[in-house]
Amino acid sequence: MTPVILETKHLTKEFKGFTAVSDVNLQVQRGHIHALIGPNGAGKTTCFNLLTKFLIPTSGQILFNGRDITSLKPSQIARQGVIRSFQISAVFPHLTVLENVRIGLQRKLGTSFHFWKSEKSLNKLNDRAMELLAEVDLTSFADSVTVDLPYGRKRALEIATTLGMEPELMLLDEPTQGMGHEDVHRVTDLIKKVSAGRTILMVEHNMSVVSGICDKISVLQRGALLAEGTYAEVSSNPQVMEAYMGTSAGALEGAH
């Protein structure tokens, strides 16, 4: 049995009488690509915000590597190795792709504000930054200004900066949202590639992405866990079909 890296116990979040996440017991196994799916308003993003401590749970527990992290701050969780892609996304549109990744690496070193001190340490970061760009197929874009990158490449850059933080658990929030078919395909391949030796938990609408790369899928509906299993198990579950579109399985196949 693969060890569990992240676990929630009875995780619940209420907003003024509305329960957005209801008694969710989630187990993410080490080395897996695990997807959180569900119709709009199912509570997926709220769940992500609870896991990264952007929201405080009303009740329940979050365990990472068996340690209770429920009361930790977002920065403390990031230091433990739980990194969400947008937390360090490419926020400097007028810097080059290489410079953006380097800033991510400096955050990891805790030297964000002393990077003019030593050219030697900067060059060391350059080598690591180029390795990360190679990992996400952005080597040829190293000197491009980030604002000029196509959308799919920007998401690849986000993934590179996230990798720079050395995540043990990587949280991807709708990594293919708003993309054309070619970009979706590229980013899906990229997620599969960077998942080697890592654990990924992702919120994703695109079922073809989920079916192609995920080991396990948890389906949320109205804040509660509706079903869990492989894509084959989940997609043939009558309750899941109904949650997505009432009756036919076709909509689940093509649900975005």
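The values are calculated or read from the model by the stated rules, or taken from the named source; none is laboratory data. Since we're looking at a predicted model, the values are computed, not measured. Ideal geometry is used to build each Cβ from the backbone, glycine not excepted, and the neighbour counts take in all protein chains shown. Side chains included, ligands, DNA and RNA excluded: accessible areas come from the protein's heavy atoms. Shrake-Rupley method; radii C 1.70, N 1.55, O 1.52, S 1.80 Å.
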| task | Please state the charge dipole magnitude for the chain, taken about the Cα centre, from unit charges on C-beta atoms (+1 on K and R, -1 on D and E), reported in debye and rounded to the nearest 20. | result | 900
| said: Show me the three semi-axes of the equivalent ellipsoid for the chain, from the C-alpha gyration tensor (sqrt of 5 times each eigenvalue), largest first, rounded to whole Å. | reply: 32, 22, 15
| request: Measure up LYS13/LYS73; LYS192/LYS216; LYS9/LYS73; LYS16/LYS44; LYS9/LYS193; LYS124/LYS192 against 24 Å on the Cα-Cα distance and list the ones that go over. | output: LYS9/LYS193; LYS124/LYS192
| field | Long-range amide H partners of ARG198 with built H, under 5 Å | value | none
| Which net charge results when you count Lys and Arg as +1 and Asp and Glu as -1 among the other residues whose beta-carbon is under 10 Å from that of ALA35? | 0
| said: What does the net charge come to around PRO150 if you take all other residues with beta carbon closer than 15 Å to its beta carbon, with K and R at +1 and D and E at -1? | reply: -1
| field | Dipole-positive endmost among THR199, ILE213, HIS185 within the range 149-221 (Cβ charges, Cα centre) | value | HIS185
| request: Return, ordered by residue number, the residues of the range 221-235 whose backbone nitrogen is under 18 Å from a label point located 7 Å along Cα→Cβ of ASP23. | output: 221-228
| task | Kindly report the accessible area of the chain per residue (heavy atoms of protein chains, probe 1.4 Å, no ligands, DNA or RNA), in Å². | result | 47
| request: Identify, among THR52, VAL4, GLY38, the residue whose Cα sits farthest towards the positive end of the charge dipole of the range 1-63, taking +1 on the Cβ of Lys and Arg and -1 on the Cβ of Asp and Glu, with the dipole about the Cα centre. | output: THR52
| task | At 7 Å along the Cα-to-beta-carbon direction for both ASP68 and HIS181, put a label point, then send me their distance in nm to one decimal. | result | 5.2
| When the convex hull of the Cα atoms of the range 30-95 is projected onto a plane and the area is averaged over all directions, what value comes out in nm²? | 6.3
| What dipole magnitude, in Debye to the nearest 20, does the range 2-55 give about its Cα centre under +1 on Lys/Arg Cβ and -1 on Asp/Glu Cβ? | 120
| request: Please state, rounded to one decimal and in Å, the Kirkwood hydrodynamic radius that the range 112-225 gives when every pair of distinct Cα atoms enters the mean of 1/r. | output: 15.7
| note | Here the net charge surrounding ALA129, from other residues whose Cβ is less than 9 Å away from its Cβ (Lys, Arg +1; Asp, Glu -1), is -1
| said: How much of the DSSP bridge set in the chain is antiparallel, in percent, rounded to the nearest 5? | reply: 55
| said: With the cut-off at 1.5 for a/c, could you classify the range 178-245 from its C-alpha gyration tensor as rounded, prolate or oblate? | reply: prolate
